Amino acid sequence: MPLRLYNTRTRTVEKFEPLREGEVRIYVCGLTPSAQAHLGHARSFLFFDVLRRYLVHNGYRVTYVQNVTDIDDRSIKAGIETGRDYHAIVEYFYGEFKESMRKLGTLEYDFEPYATKYIGEIQQMIRELAESGHAYVTRDGMYYRVSTFRSYGRLANRNIADLEAGARIEVDEQKEDPLDFALWKFAKPGEPRWPFEPYGEGRPGWHIECSAMARALLDPPGTGFDIHGGGADLIFPHHENEIAQSEPLMASPPMANFWVHGGLLLFDNRKMAKSLGNFEPLSDLLRRHDPQAIRWLFLQTGYRKVMNFTEDSITAAALGLSKIKMAYRFAAAQRDAGSPAQPLPLDARMEAALDDDMNTAAALAVLYEFAANAPFERLHYWLTILGIEPNESWLNEPVVELTGQFVQRLQAALEAERVDGAAGKLESLEPHPAIERVIAMRAEARRAKDWGASDRLRDALQRCGVELHDTKEGTSWTTS
């Protein structure tokens, strides 16, 4: 069965066929690094990483573009408030993000365009829009005239009258219509600026950046590219606006054949926000949890669904991954011993799952079913397609005695060390997840500067023969 994907543009699951034979071109809206990235950002990018890997598996040459919005209101504001150059702010937060994505195992992008490196392409697109009557000039900038694009609102499946009712004009905007959006913002004192004749120096608006970079890198002829992706929160207004300003300039629309969007991420059933006290930077979360377990957790939920992240869910994901690791070690031992693996339809079953709108949850179920008897090479291959790249530690990972009542001994050790309530948090866990849970509790204690609790948790593990090793990459453990 060929790959089928949900297309936001048509609101149906469709057979995927590339516009050019043997080639797939993908543009994914990347980070705006004006603050620390969080796990919600990572979820979207991890899905597109798996989609990209699977398309390569299917024999396509994939060109993958993920941009960097390195100029926007928030980064400029942060620069003004801190007295730092906005470039320095962007580079710091983007560097932190890239390191987090490296830990999560994403592939390097084919192109990683920064908006400020494409000012010429952006200005050319704005000129074309102005010359064709789709853009106009005001005192504060240049705007796109939404009334000139009859299909506006189609991607989001929203009526233009309803959109107009919910739109508003900011105090310093001089728009003809509340739905019109900025293409070019004339410079204000202290802001970065670029010359733009004959209109006036300033900087680009957010939406035009992606349209111009996608056209330059994937679709110079204006005949469309294959997949445009991002989180569901970008459907309106960002992606709607991209379509509106791109398609009037194209030889043959649509801008993208498939629009693919990932679902939102909740934390303990709430949207993550600093005001709610549940915001945790992605870099901090990766110090507390195994990045591969986080990836495994995401794979357990369909990419279009809203997902709820909890400490219990990541513990359960780590347990599921530990079972696959044990099967992987067994398969490696069978291979090394020359024992033939049973012939199993692993490839066909994995393909059937992923062809069904990238149903990674079904793919994991296939791995759980067949991993114990799968040929080592095929098991390794499919884990890699999912972005779970086995390494030497998988073969040499410390094995706690699984039949020696380890969890009960650890609970007793926690009680002996007077760690209040910790023993109860290990109920129903197996050894590996129990150890990871105690390490997570210790990380929380360290963040709160409760060094006494941190030491008691470490000592409880030592009582059970588990040694902790703290490094800048996080905490690992071995059996003594």
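In table form, for the structure just shown:
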{"item": "Selection within segment 215-239 - farther than 23 Å from residue 46 by Cα and either of a type in the set (S, T, N, Q) or touching a Gly at 6+ places or on another chain (Cβ under 8 Å) (or both)", "result": "215, 223"}
{"item": "Residue, surrounded by the most Cβ atoms within 10 Å (Cβ to Cβ), within segment 49-69, restricted to residues that are in contact with a strand residue (DSSP E or B) (Cβ under 7 Å, 6 or more places away or on another chain) and closer than 18 Å to residue 2 by Cα", "result": "52"}
{"item": "Meets criteria (among the charged types (D, E, K, R) and either in the same structural domain as residue 260 (by TED's automatic domain parsing) or at pLDDT 95 or above (or both)) for residue 349", "result": "yes"}
{"item": "Unique residue being modelled with pLDDT under 90, more than 26 Å from residue 101 (Cα to Cα) and surrounded by fewer than 17 Cβ atoms within 10 Å (Cβ to Cβ) when the list is 342, 334", "result": "342"}
{"item": "Boolean, residue 164 is over 27 Å from residue 87 (Cα atoms), in the same structural domain as residue 27 (by TED's automatic domain parsing) and not in a loop (DSSP other than H, G, I, E, B)", "result": "no"}
{"item": "Count - residues of segment 214-235 that are more than 11 Å from residue 256 (Cβ to Cβ) and of a type in the set (Asp, Glu)", "result": "1"}
{"item": "Residue match in segment 241-261 (condition: within 22 Å of residue 153 (Cβ to Cβ), buried (at least 19 other Cβ atoms within 10 Å of the Cβ) and of a type in the set (Asp, Glu))", "result": "yes"}
{"item": "Tally, over segment 17-66, of residues that are part of a helix (DSSP H, G or I) and under 19 Å from residue 110 (Cβ atoms)", "result": "14"}
{"item": "Any chance residue 140 is at pLDDT below 95 and either surrounded by 20 or more Cβ atoms within 10 Å (Cβ to Cβ) or more than 12 Å from residue 245 (Cα to Cα) (or both)", "result": "yes"}
{"item": "Count of segment 218-245 residues which are touching a Pro at 6+ places or on another chain (Cβ under 8 Å) and either hydrophobic (A, V, I, L, M, F, W, C) or not in a loop (DSSP other than H, G, I, E, B) (or both)", "result": "2"}
{"item": "Helices (runs of 4 or more DSSP H) within segment 384-480 that include 2 or more residues of a type in the set (Lys, Arg) and modelled with pLDDT of 80 or more", "result": "431-447, 451-463"}
{"item": "Conditions (1) surrounded by fewer than 19 Cβ atoms within 10 Å (Cβ to Cβ); (2) in contact (Cβ under 8 Å) with a residue 24 or more places away in the chain; (3) over 16 Å from the mean Cα position of the chain (by Cα); number of the one not met by residue 270", "result": "(2)"}
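Quick grid of which residues meet (1) without any contact (Cβ under 8 Å) to a residue 24 or more places away in the chain; (2) part of a loop (DSSP other than H, G, I, E, B); (3) of a type in the set (S, T, N, Q):
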residue	(1), (2), (3)
87	yes, no, no
90	no, no, no
93	no, no, no
96	no, no, no
108	yes, yes, no
116	no, no, yes
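To keep it simple, each residue is scored yes or no on (1) free of Cβ contacts under 8 Å to residues at least 24 places away in the same chain; (2) surrounded by 20 or more Cβ atoms within 10 Å (Cβ to Cβ); (3) under 20 Å from residue 250 (Cα atoms); (4) not assigned by TED's automatic domain parsing to the domain that holds residue 28.
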position	(1), (2), (3), (4)
202	no, yes, no, yes
224	no, yes, yes, no
230	no, yes, no, no
233	no, no, no, no
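The values are calculated or read from the model by the stated rules, or taken from the named source; none is laboratory data. Remember, predicted model here, so these are calculated numbers, not experimental data. Cβ coordinates were reconstructed from backbone atoms using ideal geometry, including for glycine residues, and neighbour counts include every protein chain displayed.
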